[in-house]
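Student: Supplied in structure tokens, the structure appears directly below.
Bear in mind these aren't lab numbers, they're just calculated from the coordinates by the rules spelled out. This is a predicted model, so every value here is computed, not measured. Neighbour counts run over all protein chains shown; Cβ positions are idealised from the backbone, glycine included.
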Amino acid sequence: MEVLFHFIFQLIKIAILASIYASILIGIILIIGKFKQTEFLKRVKSEKKKYWFSFGVLISIGLFVFSFTYWGNHGLGDGPMIPIGHWETIENTNWTEYGYLKDKKTKNGNDIETTKFKVTNHKLCGNLKSSFYNYENSFFVLDLKTDKITEFKTESEFNQYAEKNELPKVNELLSFAENYRNRWSGIRFLLLP
């Protein structure tokens with residue numbers, strides 16, 4: 001049900017954004033038309049509503065498609081996700097504290113789940129914490145370029161490695177909700193679906 005409500009919200013937001021972008025595009029075309037006269041610009045000026053609607057439909061289709069790409073998909077309803085680079089995402093279910101990476105395993109073969117993480121310099125740094133798994137180590141760094149995972153038993157080991165490699169320390173790691181807000185709020189929320 002949450003997915004349906006979120007999907008409807010997305011469609012309404014896409015329609016509003018497409019209307020605004022089409023209006024801006026018509027305005028730009030009309031301004032250009034004052035300085036340079038072409039047949040197309042004359043047609044747009046005389047048939048503004050027709051072109052506004054056409055541009056709006058094309059823009060809304062583009063925004064809809066974009067909302068399901070790697071760069072635009074932030075999950076629907078109870079399945080939020082955050083793209084972290086190199087085609088990887090951290091996903092969540094029902095907005096619990098746990099974020100997980102699909103198809104990424106720890107040294108002892110468990111899926112990676114985390115409650116605090118941060119991406120810096122193409123590296124995902126986080127704690128290993130799960131409601132399902134018992135992990136041998138407490139922290140990890142996943143190099144997103146090479147898929148190499150380095151694990152740490154203690155906070156001090158992790159902090160030493162982080163300091164040496166200019167990565168965030170334990171106190172700089174953020175929850176899934178904080179990372180989600182950092183990624184999808186602000187200008188992205190206003191300008192994209």
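Student: When you look at TYR161, is it at negative phi, surrounded by fewer than 19 Cβ atoms within 10 Å (Cβ to Cβ), of a type outside the set (Lys, Arg) and over 18 Å from the mean Cα position of the chain (by Cα), yes or no?
Tutor: On the way: at negative phi: yes; surrounded by fewer than 19 Cβ atoms within 10 Å (Cβ to Cβ): yes; of a type outside the set (Lys, Arg): yes; over 18 Å from the mean Cα position of the chain (by Cα): yes.
Considered against the rule, which asks whether it is at negative phi, surrounded by fewer than 19 Cβ atoms within 10 Å (Cβ to Cβ), of a type outside the set (Lys, Arg) and over 18 Å from the mean Cα position of the chain (by Cα), TYR161 comes out as yes.
Student: Out of the residues in segment 42-67 meeting the condition of being among the basic types (Lys, Arg) and in contact with a helix residue (DSSP H, G or I) (Cβ under 8 Å, 6 or more places away or on another chain), tell me which one is farthest from ALA18 (Cα to Cα).
Tutor: Among them, the one singled out is LYS42.
Student: Sort out which residues of segment 140-193 are part of a helix (DSSP H, G or I), farther than 13 Å from VAL119 by Cα and hydrophobic (A, V, I, L, M, F, W, C), and write them in order of number. Working first, answer last.
Tutor: Step one: filter segment 140-193 for residues part of a helix (DSSP H, G or I), giving 155-164, 170-172, 176-184, 187-191.
Those still in the list that are farther than 13 Å from VAL119 by Cα too: 155-161, 163-164, 171, 177, 181, 184, 187-191.
Residues satisfying the conditions are PHE158, ALA177, TRP184, ILE187, PHE189, LEU190, LEU191.
Student: May I pose another question? Looking at segment 118-139 only, could you name the residues that are closer than 17 Å to ASN92 by Cα and assigned to a loop (DSSP other than H, G, I, E, B)?
Tutor: Across segment 118-139, the qualifying residues are LEU128, LYS129, SER130, SER131, PHE132, TYR133.
Student: Residues being part of a strand (DSSP E or B) and surrounded by fewer than 14 Cβ atoms within 10 Å (Cβ to Cβ): count how many of those fall in segment 91-109.
Tutor: Let us first name the residues in segment 91-109 that are part of a strand (DSSP E or B), namely 91, 99-105.
Narrowing the set further to residues that are surrounded by fewer than 14 Cβ atoms within 10 Å (Cβ to Cβ) leaves 102-103, 105.
Count: 3.
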